[in-house]
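Peer 1: What follows is a structure written as structure tokens; I'll ask about it next.
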Amino acid sequence: MLDVRYLCDNIDEVEGILKKRGKDFDLSKIKELAAQRKDLTQTYELNQQKLNQNKHLMAKLDKKSEEFIQKRDEMKEISSTSKEAKVKLAEVMEQLDELVMFLPNLPQNDVPLGKGEDDNIVLRYWGEKPILDFEPKNHWDLDPNQNLMDFERGSKITGTKFTVMKKAAATMERALISFMIDNHLDSGYDEIFPPFVVNKEAMTGTGQLPKFADDAFKIDGMEYYLVPTAEVPVTNLYQNEIIPEDKLPLKMVAYTACFRKEAGSAGKDTRGLIRQHQFNKVELVKITKPEDSHKEHLALLADAESILQKLNLHYRVVELCTGDLGFSASKCYDIEVWLPGQNKYREISSVSNFLDFQGRRAKIRYKNKETKKNIIAHTINGSALAVGRTLVAIFENYQQKDGSIVVPEALRPYMRGMEVIKG
RNA sequence: GGAGAAUUGGCCGAGUGGUUUAAGGCGACGGUUUUGAAAACCGUUGAUGUAACCGCAUCCGGGGGUUCGAAUCCCUCAUUCUCCGCCA
């Protein structure tokens with residue numbers, strides 16, 4: 001969330017920056033509530049001070065004395081004034097929180113202005129499109145009998161957009177997870193295997209709640225949610241903690257299945273593996289000092305790219321414009337892999353710097369060694385990579401004329417030496 | 001799932017309604033001493049908010065209540081441990 005004090009002191013500036021996201025935000029109510037908060041806090045604290053002072057006086061008095069009884073009646077009144085202020089203050093804070101919680105992060109200054117996807121900027125390309133001397137197929141057409149990706153049986157046992165992976169595809173899904181994690185361990189990340197179910201506080205800490213409740217699978221009758229990304233459990237490991245400065249940056253890699261309702265994307269990508277309610281993802285998360293977050297953001301992007309490079313898959317890096325930026329992000333790069341079967345680039349990773357937006361929500365801080373002050377840490381994360389989409393990319397890029405699929409060399413040790421997949 | 005016990009600052013730990021406005025210890029940091037180190041001695045050492053500063057307020061697992069006053073009494077939830085049951 002945004003810093004309420006900064007917001008109130010710079011209300012016009014903040015309003016202007018938020019406008020870049022393509023929507024208008026009215027902050028006047030927030031300003032009003034913040035003023036009320038200040039008044040009520042003052043009333044409350046002044047009365048508490050009186051109570052505290054008299055508490056010690058009263059302790060020494062004879063409990064039956066006239067003076068004591070008089071003092072007690074006096075204190076009764078002050079106490080009730082104080083309590084009243086406390087109750088009102090809690091109400092104001094709740095309203096204020098609710099409003100601020102729904103405000104997205106401020107885009108960084110150098111994020112390109114734009115309304116949506118079409119205004120994103122392509123920064124660079126890596127590799128080249130594969131040369132195929134035949135008409136490339138979509139990944140689902142490479143497996144017409146659903147021997148590898150069984151969409152129909154997935155629907156039968158669960159529902160639409162749940163898929164059963166079989167045989168070499170199941171092996172590849174598992175191989176990719178290990179391959180990715182191993183590579184990131186070599187780059188100095190610590191491996192985490194978190195729960196796939198998280199509570200409301202964790203979901204709020206990283207920004208999925210309260211605004212995006214409709215996108216999450218909630219467990220019936222409990223305040224528990226299926227993780228939409230490993231970002232949620234992993235970032236929130238340090239929720240409400242003060243991390244010693246010399247432990248930063250924290251670099252973590254985690255695999256989880258990810259569960260998303262995909263509300264609002266009905267009708268998009270109705271075929272194939274691109275958009276599922278459950279998918280696998282290897283996620284990188286960093287917790288850094290503010291002065292390091294930009295550098296670490298770029299390094300994380302490079303770590304994500306390295307996986308595609310090792311698999312020799314052609315991709316491009318795109319910087320998201322202000323209108324396409326996610327709710328919690330201040331700056332974001334997408335990696336888009338080339339899919340010959342669909343003849344387009346598709347997002348396979350999203351690498352964001354949140355600055356202190358999640359850190360403030362989740363109360364992730366570190367102690368500055370010199371000043372001894374607690375400072376809100378910056379958080380960064382990115383997919384490295386979305387596993388299902390990587391499999392799709394391999395299928396479509398490594399397909400042969402006869403419909404078989406060559407296993408990328410780097411992946412073979414993880415697939416018991418398998419070189420070719422035949423559907 | 002059942003029964004019992006516990007939760008206090010970085011760690012250990014005292015504290016059963018008002019000099020606790022959280023003792024004491026360990027650790028850490030600074031100083032004295034020393035050729036250097038250790039030891040000893042002295043001092044400092046949690047968080048949040050607010051304020052230019054002195055300070056003030058809040059925090060004893062979370063939330064709520066009783067009271068003029070709560071770490072302390074009551075309710076509730078969470079977590080941990082022990083025993084029983086069930087189970088991969």
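Peer 1: Kindly provide the set of residues from region A:231-267 that are within 15 Å of RNA strand B (Cβ to nearest atom) and among the hydroxyl-bearing types (Ser, Thr, Tyr), ordered by number.
Peer 2: Passing the criteria: only A:Tyr238.
Peer 1: Another question, if that's okay. Which residue, of A:Arg124, A:Arg153, is surrounded by fewer than 16 Cβ atoms within 10 Å (Cβ to Cβ) and within 30 Å of the chain's Cα centre (by Cα)?
Peer 2: So the residue among A:Arg124, A:Arg153 that is surrounded by fewer than 16 Cβ atoms within 10 Å (Cβ to Cβ) and within 30 Å of the chain's Cα centre (by Cα) is A:Arg124.
Peer 1: Based on what the data block shows, is A:Gly403 under 20 Å from A:Ile177 (Cα atoms), surrounded by fewer than 19 Cβ atoms within 10 Å (Cβ to Cβ) and away from RNA strand B (no atom under 16 Å from the Cβ)?
Peer 2: no
Peer 1: Please specify each residue of region A:102-121 satisfying the condition of being in a loop (DSSP other than H, G, I, E, B) and either closer than 20 Å to A:Gln342 by Cα or open to solvent by less than 90 Å² (accessible area, probe 1.4 Å) (or both).
Peer 2: Step one: of region A:102-121, the residues in a loop (DSSP other than H, G, I, E, B) are A:102-116, A:120.
If the condition is that a residue be in a loop (DSSP other than H, G, I, E, B) and either closer than 20 Å to A:Gln342 by Cα or open to solvent by less than 90 Å² (accessible area, probe 1.4 Å) (or both), then A:Phe102, A:Leu103, A:Pro104, A:Asn105, A:Leu106, A:Pro107, A:Gln108, A:Val111, A:Pro112, A:Gly114, A:Gly116, A:Asn120 are the ones that fit.
Peer 1: Right, something else. Between a residue in region A:48-68 that is among the β-branched types (Val, Ile, Thr) and any residue that is assigned to a helix (DSSP H, G or I), which pairs come within a Cβ distance under 7 Å, given they are 6 or more apart or on different chains?
Peer 2: As it stands, the answer is none, since no pair meets every condition given.
Peer 1: What is the residue count in region A:261-288 for residues that are open to solvent by 40 Å² or more (accessible area, probe 1.4 Å) and touching a Phe, Trp or Tyr at 6+ places or on another chain (Cβ under 9 Å)?
Peer 2: Looking only at that region, the number is 5.
Peer 1: Within region A:329-348, is there a residue that is open to solvent by 30 Å² or more (accessible area, probe 1.4 Å), assigned to a loop (DSSP other than H, G, I, E, B) and either more than 16 Å from RNA strand B (Cβ to nearest atom) or farther than 23 Å from A:Val14 by Cβ (or both)?
Peer 2: yes
Peer 1: If only one of A:Leu320, A:Leu325, A:Leu311 is over 22 Å from A:Lys286 (Cβ atoms), of a type in the set (A, V, I, L, M) and surrounded by 21 or more Cβ atoms within 10 Å (Cβ to Cβ), which one is it?
Peer 2: Selected residue: A:Leu311, the only one of A:Leu320, A:Leu325, A:Leu311 that is over 22 Å from A:Lys286 (Cβ atoms), of a type in the set (A, V, I, L, M) and surrounded by 21 or more Cβ atoms within 10 Å (Cβ to Cβ).
Peer 1: Here are A:Leu385, A:Leu391: which of them is open to solvent by less than 10 Å² (accessible area, probe 1.4 Å) and more than 22 Å from the chain's Cα centre (by Cα)? First the steps, then the outcome.
Peer 2: Numbers: A:Leu385 fails: more than 22 Å from the chain's Cα centre (by Cα).
Of the residues listed, the single one that is open to solvent by less than 10 Å² (accessible area, probe 1.4 Å) and more than 22 Å from the chain's Cα centre (by Cα) is A:Leu391.
Peer 1: Restricting to region A:132-144, name every residue that is open to solvent by 100 Å² or more (accessible area, probe 1.4 Å) and either at pLDDT 95 or above or closer than 15 Å to A:Ala393 by Cβ (or both).
Peer 2: Within region A:132-144, A:Glu135 is the sole residue that qualifies.
Peer 1: I would also like to ask the following. Being closer than 27 Å to A:Ile181 by Cα, open to solvent by 50 Å² or more (accessible area, probe 1.4 Å) and more than 16 Å from RNA strand B (Cβ to nearest atom) narrows it down to one of A:Tyr398, A:Tyr414, so name that one.
Peer 2: None of the others qualify; the one that does is A:Tyr414.
Peer 1: Still on this structure, I have one more. Which is over 23 Å from A:Ser330 (Cβ atoms) and open to solvent by 10 Å² or more (accessible area, probe 1.4 Å), of A:Glu231, A:Glu191?
Peer 2: So the residue among A:Glu231, A:Glu191 that is over 23 Å from A:Ser330 (Cβ atoms) and open to solvent by 10 Å² or more (accessible area, probe 1.4 Å) is A:Glu191.
Peer 1: A:Thr204 - would you say it is modelled with pLDDT of 95 or more, open to solvent by 20 Å² or more (accessible area, probe 1.4 Å) and among the polar types (S, T, N, Q)?
Peer 2: So A:Thr204 does not fit the description; no.
Peer 1: Would you mind finding the one in A:Arg21, A:Arg37, A:Arg5 that is open to solvent by less than 70 Å² (accessible area, probe 1.4 Å), of a type in the set (D, E, K, R) and closer than 30 Å to A:Ala377 by Cα?
Peer 2: A:Arg21 is the lone residue from the list that is open to solvent by less than 70 Å² (accessible area, probe 1.4 Å), of a type in the set (D, E, K, R) and closer than 30 Å to A:Ala377 by Cα.
Peer 1: Let me ask something else about it. Can you name the residue in region A:52-92 that is open to solvent by 100 Å² or more (accessible area, probe 1.4 Å) and part of a loop (DSSP other than H, G, I, E, B) and, of all such residues, is nearest to RNA strand B (Cβ to nearest atom)?
Peer 2: The extreme case among them is A:Lys63.
The values are calculated or read from the model by the stated rules, or taken from the named source; none is laboratory data. Please read all numbers here as calculations on a predicted model, not as lab measurements. Methodologically, a virtual Cβ is constructed for each residue, glycine included, from the backbone with ideal geometry; neighbour enumeration extends over all protein chains shown. Side chains are part of the model used for accessible areas, which takes the heavy atoms of the whole protein and leaves out ligands, DNA and RNA. Shrake-Rupley method; radii C 1.70, N 1.55, O 1.52, S 1.80 Å.
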